[in-house]
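Novice: If you scroll down you'll find the structure; I have some questions about it.
Just so it is clear, none of the values below were taken in a lab; they were calculated from the coordinates. Just so you know, these numbers come straight off a predicted model, no measurement behind them. Every residue, glycine among them, receives a Cβ derived from its backbone with ideal geometry; neighbour counts consider all protein chains shown.
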Amino acid sequence: MKNKKMLQNVGIMLAVQVIAWAGFTVVDFVEETTSNDFLMAAALGIPIIAAVVYFFMRWRNWQPDTRCGKWIALTLLCWLGMTACAAVIVMVLINHDSWIVHQDREGWEHFLNGLEYAGFGATLAVIPIVLVLAGELLIWGIMKSKRKSPAHNAAGIFFFMTIG
């Protein structure tokens, strides 16, 4: 049962990765063709959406036995590995002029063209991991404060509300 659940989670993570890279590619295509400058907003917004998807799936499929530190660490390591593999594959395709969005390489002003994909890979790896760890720590603190006496419960919830 746990292996099936983990495989389902890996499938969801893979789908989120594909959607994130496709969304960033579409934004890059629009920026390359129309000179709109909202690529940075997409590079920061898409990883935040990935963390929101994690917490939505956590809320939807909550089971006490799977919310341990090992499960969270395995999930985050899997996310990091998928992001690293995707970033390497995309960068190789860009360097060999095989990527969907053509990157100009001629001239001194274009020699770093395509580097935004490496930056997106870094933000797609780091931002969701930081947000998930912060959120899980917050949830752990709230759940721990709920197990204590009512006087400690109110103080613990007040403490976590003032942090956020």
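Novice: What are the extents of the Cα atoms of segment 1-42 along their three principal axes, listed from largest to smallest and rounded to whole Å?
Specialist: Result for segment 1-42: principal-axis Cα extents of 50, 15, 5 Å.
Novice: Run the paramagnetic zone check for M57: 7 angstrom along Cα to Cβ, then residues of segment 1-38 with backbone nitrogen under 16 Å.
Specialist: 2-22
Novice: Sort 21-27, 7-13, 118-124 by packing, meaning the average of other beta carbons within 10 Å per residue, with the highest value first.
Specialist: 118-124, 21-27, 7-13
Novice: Once label points are set 7 Å from the Cα along Cα→Cβ at both A22 and I49, what is their separation, rounded to one decimal in nm?
Specialist: 1.1 nm
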